[in-house]
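The values are calculated or read from the model by the stated rules, or taken from the named source; none is laboratory data. Just so we're clear, the structure is a prediction, and the values are computed from it rather than from any experiment. Every residue, glycine among them, receives a Cβ derived from its backbone with ideal geometry; neighbour counts consider all protein chains shown.
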Amino acid sequence: MSPSYRIIRASSQVLKISTGSVKIGLLGLILACSRNGISQSADVAKSKSSEPTRKRFMGRKPIKSDEPDTFLTALRDGKSVEEFRNGQRIFLQGDVADAVFYLQRGRIKLAVTSERGREGVIGMVDPGQFFGESSLVAGHPLRMASATSIGHSTVLRFEKASVVRLLHENPEFADHFVSYALARTVRVEEDLVDQLFNSTEKRLARVLLLLANFGQEGKPQPVLPKISQETLAQMVGASRSRVSSFLNKFRKLGFIDYNGGLQVNSSLVRIALRD
């Protein structure tokens, strides 16, 4: 068997697994939304997918806020608390990767910028999540993306050596950290499949539902923190005018509202699940 054939077959298997994960995840999403007042069909109600599939839709295993905080207090050295205002950069693409961060409050945007200055959003960090963990990977001395605060954020900064020491000394912390890192990898695969196979309309609906915490652990947050249409366009991979057009459509259909912020209604799941 030639090396090129093995690569093609392996890529096909990954794509097949990722596509299935997205389909299963969407089912988990509608189950989660049903618990918030949206009706579902009898077939979906009888589905075997529940808590595990709901977690797979998000592509990560959420960590309860009190658990990592307890572990992180064990780090006496190499730790600092930093506050960031809206639009302030935590680190820039190309900076030396010498620390790992943990978000206590707020929201962080992760983005990459091309040589021509075009920016693309590759992820959003919510409270209780790590970011900048690629600094622990050998051969990655520089940041591959920039991290920017959306609104006011409180961040714990840990020196790389301190995190490495805790990973070796505290198995429970290591279990949470590794589970989170692996789950984020799954999320990246799901995002890739979303970009390859779904329309702009469905991608936008999925992004809004994820930002509003539908289908995740914890309570949904229907009213999103201030987020611009430009940022949404970068996350979806479409022009701002196209995203604006779909947002207007969602508003007319009652899927979203503008009432003290962008309010996402659970009925938006119909767009995400539509063939």
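All but one of (1) in contact with a helix residue (DSSP H, G or I) (Cβ under 9 Å, 6 or more places away or on another chain); (2) hydroxyl-bearing (Ser, Thr, Tyr); (3) more than 18 Å from VAL125 (Cα to Cα) hold for SER199, so report the exception by its number.
(1) is the only condition that SER199 fails.
With the structure loaded, tell me whether SER149 is of a type outside the set (Val, Ile, Thr) and within 17 Å of the chain's Cα centre (by Cα) or whether it fails that test.
yes
Would you please name the residue that is nearest to LYS79 (Cα to Cα), looking only at residues in segment 146-164 that are part of a strand (DSSP E or B) and of a type in the set (Val, Ile, Thr)?
The residue in question is VAL155.
What do you reckon, is VAL178 modelled with pLDDT of 85 or more, among the β-branched types (Val, Ile, Thr) and assigned by TED's automatic domain parsing to the domain that holds ARG107?
Considered against the rule, which asks whether it is modelled with pLDDT of 85 or more, among the β-branched types (Val, Ile, Thr) and assigned by TED's automatic domain parsing to the domain that holds ARG107, VAL178 comes out as yes.
Which members of segment 67-99 meet the condition of being at pLDDT 95 or above, outside any strand (DSSP E or B) and closer than 20 Å to GLN234 by Cβ?
GLN88, LEU92, GLN93, GLY94
Show the residue pairs that are 6+ apart or on different chains and have beta-carbon atoms under 8 Å apart, the first residue being within segment 251-275 and closer than 13 Å to VAL207 by Cβ and touching a residue at least 60 places away in the same chain (Cβ under 8 Å), the second being in a helix (DSSP H, G or I) and aromatic (Phe, Trp, Tyr).
Listed by first residue and then by second, the contacts come to LEU268/PHE250; ILE271/PHE250.
State the number of residues belonging to segment 88-128 that are of a type in the set (Lys, Arg) and within 23 Å of LEU208 (Cα to Cα).
Counting residues in segment 88-128 that are of a type in the set (Lys, Arg) and within 23 Å of LEU208 (Cα to Cα) gives 4.
Which residues, taken from segment 100-145, are in a loop (DSSP other than H, G, I, E, B), basic (Lys, Arg) and at pLDDT below 95?
Correct list: ARG116, ARG118.
Which numbered condition trips up MET124, out of (1) loosely packed, with under 15 Cβ neighbours inside 10 Å; (2) of a type outside the set (Val, Ile, Thr); (3) out of contact with any Phe, Trp or Tyr (no Cβ under 8 Å at 6 or more places or on another chain)?
(1)
Could you list, in sequence order, the residues of segment 177-186 that are in contact with a helix residue (DSSP H, G or I) (Cβ under 7 Å, 6 or more places away or on another chain) and either surrounded by fewer than 18 Cβ atoms within 10 Å (Cβ to Cβ) or closer than 12 Å to ALA272 by Cβ (or both)?
If the condition is that a residue be in contact with a helix residue (DSSP H, G or I) (Cβ under 7 Å, 6 or more places away or on another chain) and either surrounded by fewer than 18 Cβ atoms within 10 Å (Cβ to Cβ) or closer than 12 Å to ALA272 by Cβ (or both), then ALA181 is the only one that fits.
Inspect segment 220-234 for any residue being part of a helix (DSSP H, G or I) and over 26 Å from GLY106 (Cβ atoms) and give the result as yes or no.
no
Right, ARG157: in contact with a Leu (Cβ under 8 Å, 6 or more places away or on another chain), in contact (Cβ under 8 Å) with a residue 24 or more places away in the chain and among the charged types (D, E, K, R) or not?
no
Does GLU159 satisfy being crowded, with 17+ Cβ neighbours inside 10 Å, among the acidic types (Asp, Glu) and out of contact with any Cys (no Cβ under 8 Å at 6 or more places or on another chain)?
It is true that GLU159 is crowded, with 17+ Cβ neighbours inside 10 Å, among the acidic types (Asp, Glu) and out of contact with any Cys (no Cβ under 8 Å at 6 or more places or on another chain).
Please indicate, with yes or no, whether at least one residue in segment 165-172 is in contact with a strand residue (DSSP E or B) (Cβ under 6 Å, 6 or more places away or on another chain), over 16 Å from GLY237 (Cα atoms) and assigned to a helix (DSSP H, G or I).
There is no residue in segment 165-172 that is in contact with a strand residue (DSSP E or B) (Cβ under 6 Å, 6 or more places away or on another chain), over 16 Å from GLY237 (Cα atoms) and assigned to a helix (DSSP H, G or I).
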